[in-house]
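*Asks:* Take this structure, written in structure tokens, and hold onto it; I'll ask about it next.
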Number of protein chains: 2
Amino acid sequence: MQNFAYKNPTEILFGAGQVAEIASRIPADAQVLMLYGGGSIKANGAYDQVVAALGGHNWTEFGGVEANPTYETLMQALDVVRDESIDFILAVGGGSVGDGAKFIAAAAKFDGEPWDILAKGSEVTAALPLGVVLTLPATGTESNGNAVVTRTQTQQKLAFGSPWVRPVFAVLDPAFTLTLPTRQVGNGVVDAFVHVIEQYLTYPTNAPLQDRFAESILSTLIEEGPKALSSPEDLEVRANVMWCACMALNGLIGQGVPQDWATHMIGHELTAVHGLDHAQTLAVVLPSLLRVKIDAKRAKLEQLGARVFGISGDAAATIDAVEAFFESMGVATRLSGYGLDQSAVAPVIASLTDNGMLALGEHGDITPQTANEILTLAG
Amino acid sequence: MQNFAYKNPTEILFGAGQVAEIASRIPADAQVLMLYGGGSIKANGAYDQVVAALGGHNWTEFGGVEANPTYETLMQALDVVRDESIDFILAVGGGSVGDGAKFIAAAAKFDGEPWDILAKGSEVTAALPLGVVLTLPATGTESNGNAVVTRTQTQQKLAFGSPWVRPVFAVLDPAFTLTLPTRQVGNGVVDAFVHVIEQYLTYPTNAPLQDRFAESILSTLIEEGPKALSSPEDLEVRANVMWCACMALNGLIGQGVPQDWATHMIGHELTAVHGLDHAQTLAVVLPSLLRVKIDAKRAKLEQLGARVFGISGDAAATIDAVEAFFESMGVATRLSGYGLDQSAVAPVIASLTDNGMLALGEHGDITPQTANEILTLAG
């Protein structure tokens, strides 16, 4: 196990009716900005419950954050933050709204051009406090310090991270997820699954508890994910998926172990250039990446096979099983499944190179050339 | 899954050399009290490393906290806190020192008779901040808000809990545990194991991720615990045991599920009345409690057997396996193993009754009469 320093002060408020608790978690004198996406929070009841809970607070709202939150839209929200002297941001929605809230929270306290936080990795040294009411379990944004933002103008999708933007609280009421479209349910399960894989499927480092925690989440997603599709009204299934997605990327399972993240970095370019959903890109990239890197990852692939899929000593069959699981969640695993052919690869590799993603993976040996091989294999 | 609210803001500083980090975590102008037990921290290097790290701080020390910290000793430490205007407590040691620090931290801000925190459950509404440098992995005190204190005069061992006494940071350097006596290594593993069992072995509530996390810790303790005895110089083994013990009782695995804790409550009385080590009492009580409650716990016992011990559909054999594991860690599981006969039971039951422990367990149906049955069976 490697050394680590880990702290996760986000309060998780889990279960039915927990939105009401936000009233006591947001300072009474705060000027609150409720940030959200499209109309889904008005359909699933989250908006009304939040409005009721904010009855004693001064608040305003900003809607229209996109599925991949854009810098352009978030800068408009930043204007509201400044004009209204906002000092608490409440994100109501999925990962995109959470990520957008984090960028705004950091930008509001940033002395300089906010884009530099993403493009130059400029350090965030302060942020407005924020909370999340989650309606789509997937990204884990509700209790981590990470965010990803897209700049439409330049087709760039870039990430930043800071402990300053870790939410103060996260409300996880699975009832809000009952009305999610099938596509978002499948995407969310695949996204959470790949988050675990990125922190687990590297090489053995004698960290058996971290390994077993990772396998616990993977096994539970494999068990509960298909039920969320087949029994969409089952609240207990939704609760289990929601807790898995949160634990998958709150930082815990990755402490003290090597991490990969190449699938995410290549996937971000696929979204930026071709507009695929985030989870769709992961479903395309991961199986092919595992096939290209099968030798370096063989020991952990065989462990994954044995402990999670019941496959003994066969790394290739384990990769097939991962791919089949994604397909079973309704998420296609080939570029052709999204109407893309081999001509789609070159601009993705060019963008990866432009953004400086030259040495990805746990060994830093996934170059743009390797990424080209991966995407070609995923054709 | 039941509703829950969970927050764990303790920063874990894990690995070699992490003691140095406390210098930046303790406010520069703090008056620090270093609290410790006997001489072990001077033998294992922790004392010297802490002194070096505190070079830029004003600090004083208080040693002599017992293996079961006594109210009488802690009240002496409280005098030092008041005399020296202490505003940060640094516990250096095992669970007893951590628990003692928590009681002092709460007592220092308590308006009234500090004993009431334990005896009357008086609410703690403020506490001095505290940090822990852990030298004995066992109780999980380093990242939870619980403490247990013994009053010698009245032979009472009582617990309290408050988010106010959750440590600000916890240094987990496994090197400090290399010099532990065999008895403390065995005790620590048994203690952590039973902490998991108390939050897991109740009845099914469709919380599969919590179940698997619990099983992950149990499996890892079963794998690594015996190695800590057979290869006492193996630092990686110690690291894994240390991380297991922390995760066993930082609150995470118990969120959203029923809990038991009858074994601990009966065990506390065994320590208070007969002086057994804490883990020794757990090793005595748990197997017999499971045999008495086998019908109510059968479903989870069979799950434990299948997933952790490789025993299929046999609750009784699973209990035998738990008992054998404790014995393999060098911890006896019968009262007779500690020189006690059946005459030892009555005073324990009397103390349990006096302390109001009338309805223990996840169903509240473990009465003093049931406890009598359990301890008689454990003779």
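The values are calculated or read from the model by the stated rules, or taken from the named source; none is laboratory data. No experiment lies behind these values; they were computed from the predicted model shown. Here the Cβ is made from the backbone with ideal geometry for all residues, glycine too, and neighbour counts use every protein chain on show. SASA here: full protein model, heavy atoms, side chains in, ligands and nucleic acids out. Shrake-Rupley method; radii C 1.70, N 1.55, O 1.52, S 1.80 Å.
*Asks:* Yes or no: B:ILE222 out of contact with any Lys or Arg (no Cβ under 6 Å at 6 or more places or on another chain), open to solvent by 40 Å² or more (accessible area, probe 1.4 Å) and among the β-branched types (Val, Ile, Thr)?
*Replies:* Values: out of contact with any Lys or Arg (no Cβ under 6 Å at 6 or more places or on another chain): yes; open to solvent by 40 Å² or more (accessible area, probe 1.4 Å): yes; among the β-branched types (Val, Ile, Thr): yes.
So B:ILE222 fits the description; yes.
*Asks:* Which of the helices (runs of 4 or more DSSP H) found entirely inside region A:1-73 contain at least 2 residues meeting this: within 14 Å of another protein chain (Cβ to nearest Cβ) and either touching a residue at least 12 places away in the same chain (Cβ under 8 Å) or acidic (Asp, Glu) (or both)? I'd like the intermediate steps shown before the answer.
*Replies:* Details: elements: A:22-25, A:40-43, A:46-53.
In region A:1-73, the matching helices (runs of 4 or more DSSP H) lie at A:22-25.
*Asks:* Further question on the same structure: Tell me the residue from A:THR318, A:THR367 that is of a type in the set (S, T, N, Q), buried (at least 19 other Cβ atoms within 10 Å of the Cβ) and at pLDDT 95 or above, please.
*Replies:* On the way: A:THR367 fails: buried (at least 19 other Cβ atoms within 10 Å of the Cβ).
Unique residue meeting the criteria: A:THR318.
*Asks:* Looking only at residues that are within 11 Å of chain A (Cβ to nearest Cβ) and in contact (Cβ under 8 Å) with a residue 60 or more places away in the chain in region B:217-235, which one is nearest to the chain's Cα centre (by Cα)?
*Replies:* B:LEU218
*Asks:* Here's another thing I want to ask about it. Is there a residue in region B:136-153 that is of a type in the set (Asp, Glu), more than 10 Å from chain A (Cβ to nearest Cβ) and either over 30 Å from B:ALA296 (Cα atoms) or free of Cβ contacts under 8 Å to residues at least 12 places away in the same chain (or both)?
*Replies:* Step one: of region B:136-153, the residues of a type in the set (Asp, Glu) are B:142.
Filter once more, so that each one left must be more than 10 Å from chain A (Cβ to nearest Cβ): B:142.
Now narrow it down to the ones that are either over 30 Å from B:ALA296 (Cα atoms) or free of Cβ contacts under 8 Å to residues at least 12 places away in the same chain (or both): B:142.
Among the residues of region B:136-153, at least one is of a type in the set (Asp, Glu), more than 10 Å from chain A (Cβ to nearest Cβ) and either over 30 Å from B:ALA296 (Cα atoms) or free of Cβ contacts under 8 Å to residues at least 12 places away in the same chain (or both), which makes the answer yes.
*Asks:* Can you name the residue in region B:238-250 that is more than 12 Å from the chain's Cα centre (by Cα) and of a type outside the set (A, V, I, L, M, F, W, C) and is also nearest to the other protein chains (Cβ to nearest Cβ) among such residues? Steps first, please.
*Replies:* Filtering region B:238-250 for residues more than 12 Å from the chain's Cα centre (by Cα) gives B:238-244.
Subset that is of a type outside the set (A, V, I, L, M, F, W, C): B:238, B:240.
Details: B:ARG238: 10, B:ASN240: 6 Å.
Result: B:ASN240.
*Asks:* When the residues of region B:269-287 are narrowed to those that are over 12 Å from B:PHE326 (Cβ atoms) and touching a Leu at 6+ places or on another chain (Cβ under 7 Å), which ends up most open to solvent (accessible area, probe 1.4 Å)? Can you show your working first?
*Replies:* Here is the first cut: in region B:269-287, the residues over 12 Å from B:PHE326 (Cβ atoms) are B:269-278.
From what's left, touching a Leu at 6+ places or on another chain (Cβ under 7 Å): B:269-270, B:274, B:276.
Values: B:GLU269: 2, B:LEU270: 2, B:HIS274: 60, B:LEU276: 10 Å².
Among residues in region B:269-287 that are over 12 Å from B:PHE326 (Cβ atoms) and touching a Leu at 6+ places or on another chain (Cβ under 7 Å), the one most open to solvent (accessible area, probe 1.4 Å) is B:HIS274.
*Asks:* State all residues of region A:331-364 that are at positive phi, under 23 Å from the mean Cα position of the chain (by Cα) and surrounded by fewer than 16 Cβ atoms within 10 Å (Cβ to Cβ); if no residue qualifies, say none. Step through it out loud before you land on a result.
*Replies:* The first filter runs over region A:331-364 and keeps only residues at positive phi, leaving A:339, A:356, A:361, A:364.
This time we only want the ones that are under 23 Å from the mean Cα position of the chain (by Cα), so: A:356, A:361, A:364.
Matches in region A:331-364: A:GLY356, A:GLY364.
*Asks:* Can you work out which of the residues in region A:253-268 that are more than 30 Å from B:GLU236 (Cβ to Cβ) and touching a residue at least 24 places away in the same chain (Cβ under 8 Å) is most open to solvent (accessible area, probe 1.4 Å)? Steps first, please.
*Replies:* Here is the first cut: in region A:253-268, the residues more than 30 Å from B:GLU236 (Cβ to Cβ) are A:265-268.
When the remaining residues are screened for being touching a residue at least 24 places away in the same chain (Cβ under 8 Å), the result is A:265-266, A:268.
Numbers: A:MET265: 44, A:ILE266: 0, A:HIS268: 11 Å².
For region A:253-268, the residue satisfying everything is A:MET265.
*Asks:* Conditions first: (1) farther than 29 Å from A:ASN3 by Cα; (2) within 14 Å of chain B (Cβ to nearest Cβ); (3) within 19 Å of the chain's Cα centre (by Cα); (4) not aromatic (Phe, Trp, Tyr). A:LEU270 passes all but one, so which condition is the exception?
*Replies:* All conditions are met except number (2).
*Asks:* Any residue in region A:198-216 that is under 30 Å from A:TYR71 (Cα atoms), more than 11 Å from chain B (Cβ to nearest Cβ), modelled with pLDDT of 95 or more and open to solvent by less than 20 Å² (accessible area, probe 1.4 Å)? Please lay out each step first, then the result.
*Replies:* Of region A:198-216, the ones under 30 Å from A:TYR71 (Cα atoms) are A:198-199.
Then keep just the ones that are more than 11 Å from chain B (Cβ to nearest Cβ); that gives A:198-199.
Adding the requirement that they be modelled with pLDDT of 95 or more leaves A:198-199.
Next, only the ones that are open to solvent by less than 20 Å² (accessible area, probe 1.4 Å) stay: A:198-199.
Yes, region A:198-216 has at least one match.
This table checks each residue for (1) open to solvent by 40 Å² or more (accessible area, probe 1.4 Å); (2) under 18 Å from the mean Cα position of the chain (by Cα); (3) farther than 21 Å from A:ALA53 by Cβ.
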residue: A:VAL92; (1), (2), (3): no, yes, no
residue: A:SER96; (1), (2), (3): no, yes, yes
residue: A:LEU128; (1), (2), (3): no, no, no
residue: A:GLY145; (1), (2), (3): no, yes, yes
residue: A:ARG151; (1), (2), (3): yes, yes, yes
residue: A:THR179; (1), (2), (3): yes, no, no
residue: A:VAL194; (1), (2), (3): no, yes, yes
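*Asks:* Given the conditions (1) closer than 17 Å to A:ALA192 by Cα; (2) touching a helix residue (DSSP H, G or I) at 6+ places or on another chain (Cβ under 9 Å), which single one is not true for A:ALA324?
*Replies:* (2)
*Asks:* Out of B:PHE110, B:PHE103, report the one residue that is more than 24 Å from A:ALA5 (Cα to Cα), more than 14 Å from every other protein chain (Cβ to nearest Cβ), open to solvent by 30 Å² or more (accessible area, probe 1.4 Å) and hydrophobic (A, V, I, L, M, F, W, C). I'd like the intermediate steps shown before the answer.
*Replies:* Working: B:PHE103 fails: open to solvent by 30 Å² or more (accessible area, probe 1.4 Å).
None of the other options fit; the residue is B:PHE110.
*Asks:* Quick check on region B:273-292. Is at least one of its residues of a type in the set (D, E, K, R), out of contact with any Ser or Thr (no Cβ under 8 Å at 6 or more places or on another chain), in a helix (DSSP H, G or I) and within 14 Å of chain A (Cβ to nearest Cβ)? Write out each step before concluding.
*Replies:* Going residue by residue through region B:273-292, those that are of a type in the set (D, E, K, R) are B:277, B:291.
Checking the rest, the ones that are also out of contact with any Ser or Thr (no Cβ under 8 Å at 6 or more places or on another chain) come to B:291.
Narrowing the set further to residues that are in a helix (DSSP H, G or I) leaves B:291.
Pick out the ones that are also within 14 Å of chain A (Cβ to nearest Cβ) and you get none.
Checking region B:273-292: not a single residue is of a type in the set (D, E, K, R), out of contact with any Ser or Thr (no Cβ under 8 Å at 6 or more places or on another chain), in a helix (DSSP H, G or I) and within 14 Å of chain A (Cβ to nearest Cβ).
*Asks:* Report whether or not A:ASN250 is assigned to a helix (DSSP H, G or I), open to solvent by 10 Å² or more (accessible area, probe 1.4 Å), in the same structural domain as A:PHE309 (by TED's automatic domain parsing) and touching a residue at least 60 places away in the same chain (Cβ under 8 Å).
*Replies:* no
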